[in-house]
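Just below is one structure, and these are the notes that go with it.
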């Protein structure tokens with residue numbers, strides 16, 4: 001699958017983080033930046049689909065290198081997933097993202113993740 005095939009899940013996660021939770025949990029490590037995803041149940045509720053429909057989609061995202069799942073810890077983006085999530089966030093939800101993160105932080109995250117914000 002291409003990363004664009006996962007846009008619906010990424011976009012739902014962004015909407016939950018920016019509009020419902022109004023917070024983003026970001027982790028920094030020598031390997032890069034990761035962003036904490038909403039729970040699978042929260043995503044299923046948001047999308048209006050049964051929880052068991054979300055699980056294979058997350059499996060595909062994990063196989064495609066966009067997320068990592070750790071039992072009892074949660075789901076976070078990988079380096080590639082962070083780049084894609086930030087790309088969508090900047091393209092489609094810039095105002096909301098800047099409201100929560102600030103323009104400077106969003107730009108710094110994007111630059112560190114290997115992309116650029118126009």
**Asked** Within region 13-37, how many residues turn out to be surrounded by 12 or more Cβ atoms within 10 Å (Cβ to Cβ) and farther than 19 Å from residue 70 by Cβ?
**Response** 6
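Scan region 88-99 residue by residue and report those that are within 15 Å of the chain's Cα centre (by Cα), over 15 Å from residue 8 (Cβ atoms) and surrounded by 15 or more Cβ atoms within 10 Å (Cβ to Cβ). Give the derivation first.
Taking region 88-99 and keeping what is within 15 Å of the chain's Cα centre (by Cα), we get 88-94, 96-97.
Retained after the next criterion (residues that are over 15 Å from residue 8 (Cβ atoms)): 90, 94, 96-97.
Those that are within 15 Å of the chain's Cα centre (by Cα), over 15 Å from residue 8 (Cβ atoms) and surrounded by 15 or more Cβ atoms within 10 Å (Cβ to Cβ): 90, 96, 97.
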**Message:** Among the residues of region 102-111, are any at pLDDT 95 or above and buried (at least 16 other Cβ atoms within 10 Å of the Cβ)?
**Reply:** no
**Message:** I want to confirm something. Restricting to region 4-31 and keeping residues that are in a strand (DSSP E or B) and in contact with a strand residue (DSSP E or B) (Cβ under 9 Å, 6 or more places away or on another chain), which single residue is farthest from residue 44 (Cα to Cα)?
**Reply:** 28
**Prompt:** Out of all the residues in region 95-110, is one or more outside any helix (DSSP H, G or I) and either in contact with a strand residue (DSSP E or B) (Cβ under 9 Å, 6 or more places away or on another chain) or under 22 Å from residue 28 (Cα atoms) (or both)?
**Reply:** yes
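Could you pull out the residue among 10, 43 that is more than 20 Å from residue 110 (Cα to Cα) and under 15 Å from the mean Cα position of the chain (by Cα)? Don't jump to the end; show me each part of the working.
Values: 10 fails: more than 20 Å from residue 110 (Cα to Cα).
Of 10, 43, the one residue that is more than 20 Å from residue 110 (Cα to Cα) and under 15 Å from the mean Cα position of the chain (by Cα) is 43.
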**Item:** Among residues of region 38-77, those that are surrounded by 19 or more Cβ atoms within 10 Å (Cβ to Cβ), under 25 Å from residue 112 (Cα atoms) and without any contact (Cβ under 8 Å) to a residue 60 or more places away in the chain, counted
**Value:** 6
**Number of the condition not met by residue 70 [criteria: (1) farther than 16 Å from residue 9 by Cα; (2) modelled with pLDDT under 95; (3) touching a helix residue (DSSP H, G or I) at 6+ places or on another chain (Cβ under 9 Å)]** = (3)
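The values are calculated or read from the model by the stated rules, or taken from the named source; none is laboratory data. From a predicted model like this one, the values you see are computed outputs, not experimental measurements. All Cβ positions, even for glycine, are placed from backbone atoms using ideal geometry, and neighbour counts span all protein chains on display.
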